[in-house]
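Q: Structure provided below as C-alpha cells; questions to follow.
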Amino acid sequence: MTEIEKCNAGLPYRFNDPEMIELKTSAIRECECFNSIDGTDYEAQYRQLQKMLGSVGEWVWIAKNFNCDRGKNIHIGNYFTGNHNLTILDIREVRIGDHVMIGPHTLITTVSHPLSAEERRDYYAWAKPVTICDDVWIGGNVTILPGVTIGKGAVIGAGAVVTDDIPSGCVAVGAPAKVVKNISTPDPNDTQKESCR
C-alpha cells in the first residue's frame, strides 16, 4: 500500500512521503490564494472555496485567515459561517452539515501522532474522519480531535477540547468536553431572558 492508501484506510502512515507532502503543498498554495483575497469580496472568496474544497453548499463564508491540510477532504453544507483563524487539518474527511457556525481560533484535526517518540522520529501519523452535523454551534478557541462526531443541534462552549462524540441537542463544555445541559429540556435555573439573544 502507498502511504496515502494507508492513511485513507485508517492505518499508521509516514507523513514525510513525497505524495503526502505534495498534497499539503498544494493546500498551502490554495490557502495563501484564499487569504490574499479582499476580505469584503465575498464572491471571489466563495469561488476560491469551491475550487479548493471537496464540496461547498450555498451561503458559505469563511473569514481570514483559513488554513487546511488538503482541502479536498472538506465537505461543507449550506449556510455555514467559519470565523477568523479557522484551521481544518483534513488529512481524512471533515463533513460539516447545514446551518453550522464556528467561532474564531478553532481547530478541527483529523490527524494525530504516536505516543512513542521513536515512532514520531520515523514520521508516523494516523488519521480519523470528523463529522459535524446540522445546526451545530461551536464557540471560539475550540479544538475538535480525530474521529469525533458532533450530533445535530449541539453547542460546544468556547475553549472546549472535544475528544469524544457529542450527542445531538446538548451543550458540552470543558477540556475534555463533557455534556452539561440538554437543550431540549428547559432549565428552571436558567435566568437568561429571551430578549437577551
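The values are calculated or read from the model by the stated rules, or taken from the named source; none is laboratory data. Given the structure is predicted, the values throughout are model-derived calculations rather than measurements. No Cβ is skipped: glycine too gets one built from the backbone with ideal geometry, and neighbour counts run over all protein chains shown. When the accessible area is computed, the model is the full protein with side chains, heavy atoms only, and any ligands, DNA or RNA have been set aside. Shrake-Rupley method; radii C 1.70, N 1.55, O 1.52, S 1.80 Å.
Q: Tell me which residues, restricted to segment 126-153, are over 15 Å from the mean Cα position of the chain (by Cα) and hydrophobic (A, V, I, L, M, F, W, C).
A: Scanning segment 126-153 gives a single hit, TRP126.
Q: Of the conditions (1) surrounded by 13 or more Cβ atoms within 10 Å (Cβ to Cβ); (2) part of a helix (DSSP H, G or I), GLU43 satisfies every one except a single condition; which number is it?
A: (1)
Q: Here are ALA154, ALA172: which of them is in contact with a Lys or Arg (Cβ under 9 Å, 6 or more places away or on another chain), free of Cβ contacts under 8 Å to residues at least 40 places away in the same chain and open to solvent by less than 10 Å² (accessible area, probe 1.4 Å)?
A: On the way: ALA154 fails: in contact with a Lys or Arg (Cβ under 9 Å, 6 or more places away or on another chain).
Only one candidate qualifies: ALA172.
Q: Is it the case, given these coordinates, that ARG70 is without any contact (Cβ under 8 Å) to a residue 40 or more places away in the chain and among the basic types (Lys, Arg)?
A: For ARG70, the condition - without any contact (Cβ under 8 Å) to a residue 40 or more places away in the chain and among the basic types (Lys, Arg) - is not met.
Q: Same structure again: Looking at ARG92 and the list (1) without any contact (Cβ under 8 Å) to a residue 60 or more places away in the chain; (2) within 17 Å of ILE74 (Cα to Cα); (3) not small (Gly, Ala, Ser), which single condition is not satisfied?
A: Here ARG92 meets the rest and fails (1).
Q: From HIS75, HIS113, grab the single residue that is touching a helix residue (DSSP H, G or I) at 6+ places or on another chain (Cβ under 8 Å) and either at pLDDT 95 or above or within 28 Å of ALA9 (Cα to Cα) (or both). Before you say what the answer is, go through the steps one by one.
A: Numbers: HIS75 fails: touching a helix residue (DSSP H, G or I) at 6+ places or on another chain (Cβ under 8 Å).
On inspection, the qualifying residue turns out to be HIS113.
Q: Select from segment 56-109 the residues that are more than 22 Å from TRP126 (Cβ to Cβ), of a type in the set (A, V, I, L, M) and either open to solvent by 40 Å² or more (accessible area, probe 1.4 Å) or in a loop (DSSP other than H, G, I, E, B) (or both) and list them in ascending order.
A: Hits for segment 56-109 are ALA63, LEU86, VAL100, MET101.
Q: Just the residues that are among the hydrophobic types (A, V, I, L, M, F, W, C) and open to solvent by 30 Å² or more (accessible area, probe 1.4 Å), please, taken from segment 160-169.
A: Let us first name the residues in segment 160-169 that are among the hydrophobic types (A, V, I, L, M, F, W, C), namely 160-162, 166.
Answer for segment 160-169, where residues must be among the hydrophobic types (A, V, I, L, M, F, W, C) and open to solvent by 30 Å² or more (accessible area, probe 1.4 Å): just VAL161.
Q: Restricting attention to segment 20-40, and to residues there that are open to solvent by less than 70 Å² (accessible area, probe 1.4 Å) and in contact (Cβ under 8 Å) with a residue 40 or more places away in the chain, which single residue is nearest to HIS84 (Cα to Cα)? Spell out the reasoning first.
A: Within segment 20-40, the subset open to solvent by less than 70 Å² (accessible area, probe 1.4 Å) is 20, 23, 25-27, 30-31, 33-35, 37, 39.
So of that shortlist, the ones also in contact (Cβ under 8 Å) with a residue 40 or more places away in the chain come out as 23, 26-27, 30-31.
Values: LEU23: 24, SER26: 22, ALA27: 18, GLU30: 17, CYS31: 13 Å.
Ranking the qualifying residues of segment 20-40, first place goes to CYS31.
Q: Residues of segment 160-177 being closer than 17 Å to GLY140 by Cα and assigned to a loop (DSSP other than H, G, I, E, B), which ones?
A: ALA160, THR163, GLY174, ALA175, PRO176, ALA177, listed by residue number.
Q: Note down all Cβ pairs under 6 Å where the first residue falls in segment 1-19 and is under 16 Å from ASP90 (Cα atoms), the second is basic (Lys, Arg) and modelled with pLDDT of 95 or more, and they're at least six residues apart or on different chains.
A: Sorted first by the residue in segment 1-19, then by its partner, the pairs are GLU3/ARG14; TYR13/LYS6.
Q: When you check ASP134 against the structure, is it touching a Gly at 6+ places or on another chain (Cβ under 9 Å) and closer than 19 Å to GLY77 by Cβ, yes or no?
A: Numbers: touching a Gly at 6+ places or on another chain (Cβ under 9 Å): yes; closer than 19 Å to GLY77 by Cβ: yes.
In short, yes.
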